[in-house]
Amino acid sequence: MHRGNPKAMLGLIVCLILFIAAAVLLFQAVPLLNEVHLTANATPSPTPVWGNVMVVTVDPASGTPAPSLRSGQSGDAVLNLQSRLKALGYYTGELDGQFGPGTLAAVTAFQRENGLEADGIAGPETQTKLFSASARALMSTAVPAATLTPDPNRNVPYETSDGLPLLVNRSHPLADNYQPLDLVNLSKYCDSSVVRIKYDSSMAEREAVDALMVMLRAAQRDGIMIWQVSSAYRTAREQQSLLDNEIKKYMEENKLDAQNARSAALQTVAEPGTSEHQLGVCFDITVPGVSFKGTSQHNWLKEHCWDYGFILRYPEDKEKITGFLAEAWHYRWVGVAHAQRMRDEKLCLEEYIQRYGTW
Ligand SMILES: [Zn+2]
């Protein structure tokens, strides 16, 4: 019988004290192991979007908790991210610690180049890869680096003062005095082993033509060799004669009266002042002698044009919004950052301008 044994009671009390002391120490250590960083006014949320909430992951450099970084955030962690992206050739903008469209484009390009999900969010997997020795630098030929960041001081006529692509459609006609910036003659300017220019007189803005050539060279590296540009810059006068010809065709071939022929023609030909071709940054890209839709060229462009700063301007599922029947061949230069964002968010230009009217 041990009941009431004073030695046993003393042992039990000592054990209890030691146990409580250990529990207190462990409790104090727990917050250090699970430190959670939230910015000043942030509210914790299981699925943070577009806000200031930072989700805790592990910093690959120090092994301590670090946040996922995404558009709209700012601070030293973003600065660090930009520096690393810059060192690898993905980021060409200012090191300002602001996660803007340039940083987004750089993160997305890095993810794509490194076989990660290209969601533009620098989460744990992306950061681990980015800061590791095995991070792949940007191939110098993949994307024209100078176009990754929209620069509000560019002041080119085909962009707004905020660096957004200028919207031209039926309700947003171009000003009568619209002046192109720097037109080049495609036949003289472009390498004829890369692209055939259907009409010798075709002109377009130099910047867009440079981007086009980078894109088509990349396509050729993927084995898609034959390319043609069948339309580029058009003046208001050329646009008018295109429309007149189309109206005439409907009147003669379909026996429509003038008013109905005009309505029919306007389904596919824009009125003067409302065609993007007057900007000089659009190309009708085709294959000589065949219908473009469904060709390997069409399939390649649909998938890759965004990474070279071009958008499929009139997609099938946006006809009601653009007001144009789908055009598989019409590509508009907007710059890499905008193009990738439009692709990722599945927006046509009208929707994009509405959503991001100001950066
Ligand atoms: Zn076109």
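The values are calculated or read from the model by the stated rules, or taken from the named source; none is laboratory data. Since we're looking at a predicted model, the values are computed, not measured. We place every Cβ from the backbone using ideal geometry, glycine too, and count neighbours over all the protein chains shown.
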Just one of the numbered conditions (1) in a helix (DSSP H, G or I); (2) outside the structural domain of Pro180 (by TED's automatic domain parsing) is not true of Gln267; which one?
(1)
Quick check on segment 331-349. Is at least one of its residues closer than 20 Å to Ser231 by Cα, buried (at least 18 other Cβ atoms within 10 Å of the Cβ), within 11 Å of the ligand (Cβ to nearest atom) and touching a residue at least 12 places away in the same chain (Cβ under 8 Å)?
yes
Show the residue pairs that are 6+ apart or on different chains and have beta-carbon atoms under 7 Å apart, the first residue being within segment 70-97 and more than 21 Å from Arg136 (Cα to Cα), the second being among the acidic types (Asp, Glu).
Gly97/Asp76
Here is a list: Tyr250, Tyr233. Which entry is free of Cβ contacts under 8 Å to residues at least 60 places away in the same chain, of a type in the set (Phe, Trp, Tyr) and more than 27 Å from Arg341 (Cβ to Cβ)?
Tyr250
For segment 294-328, enumerate the residues that are in a strand (DSSP E or B) and over 20 Å from the mean Cα position of the chain (by Cα).
Glu327
For Gly335, indicate whether it is in the same structural domain as Tyr199 (by TED's automatic domain parsing), modelled with pLDDT under 95 and at positive phi.
yes
Contacts under 6 angstrom Cβ, first residue in segment 271-286 being under 17 Å from Leu243 (Cα atoms), partner part of a loop (DSSP other than H, G, I, E, B), 6 or more apart:
Gly273/Pro173; Gly273/Leu174; Thr274/Arg170; Thr274/Pro173; Glu276/Val168; His277/Arg234; Gln278/Leu174; Gln278/Arg234
The one condition in (1) assigned to a helix (DSSP H, G or I); (2) out of contact with any helix residue (DSSP H, G or I) (no Cβ under 7 Å at 6 or more places or on another chain); (3) away from the ligand (no atom under 16 Å from the Cβ) that Gly223 fails to fulfil:
(1)
Enumeration of residues in segment 158-181 that are exposed (fewer than 12 other Cβ atoms within 10 Å of the Cβ) and over 23 Å from the mean Cα position of the chain (by Cα)
Ser171, Ala175, Asp176, Asn177, Gln179
Selection status of Val194, β-branched (Val, Ile, Thr) and either in a helix (DSSP H, G or I) or outside the structural domain of Tyr308 (by TED's automatic domain parsing) (or both)
no
Which condition number in (1) in contact with a strand residue (DSSP E or B) (Cβ under 8 Å, 6 or more places away or on another chain); (2) closer than 20 Å to Leu174 by Cβ; (3) more than 13 Å from the ligand (Cβ to nearest atom) is the one that Gly309 fails?
(2)
Give the residue that is nearest to the ligand (Cβ to nearest atom), with candidates limited to residues of segment 277-293 that are over 12 Å from His330 (Cβ atoms) and part of a loop (DSSP other than H, G, I, E, B).
Gly280
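Condition check ((1) assigned to a loop (DSSP other than H, G, I, E, B); (2) over 27 Å from Lys302 (Cα atoms); (3) more than 16 Å from the ligand (Cβ to nearest atom)) across all residues:
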{"position": "Asp176", "(1), (2), (3)": "yes, yes, yes"}
{"position": "Val184", "(1), (2), (3)": "no, no, yes"}
{"position": "Ala208", "(1), (2), (3)": "no, no, no"}
{"position": "Ser230", "(1), (2), (3)": "no, no, no"}
{"position": "Tyr233", "(1), (2), (3)": "yes, no, no"}
{"position": "Gln239", "(1), (2), (3)": "no, no, no"}
{"position": "Glu246", "(1), (2), (3)": "no, yes, no"}
{"position": "Lys255", "(1), (2), (3)": "yes, yes, yes"}
{"position": "Pro272", "(1), (2), (3)": "yes, yes, no"}
Being buried (at least 18 other Cβ atoms within 10 Å of the Cβ), at pLDDT below 95 and among the small types (Gly, Ala, Ser) is the filter here, so list the residues in segment 270-306 that pass it.
Ala270, Ser275
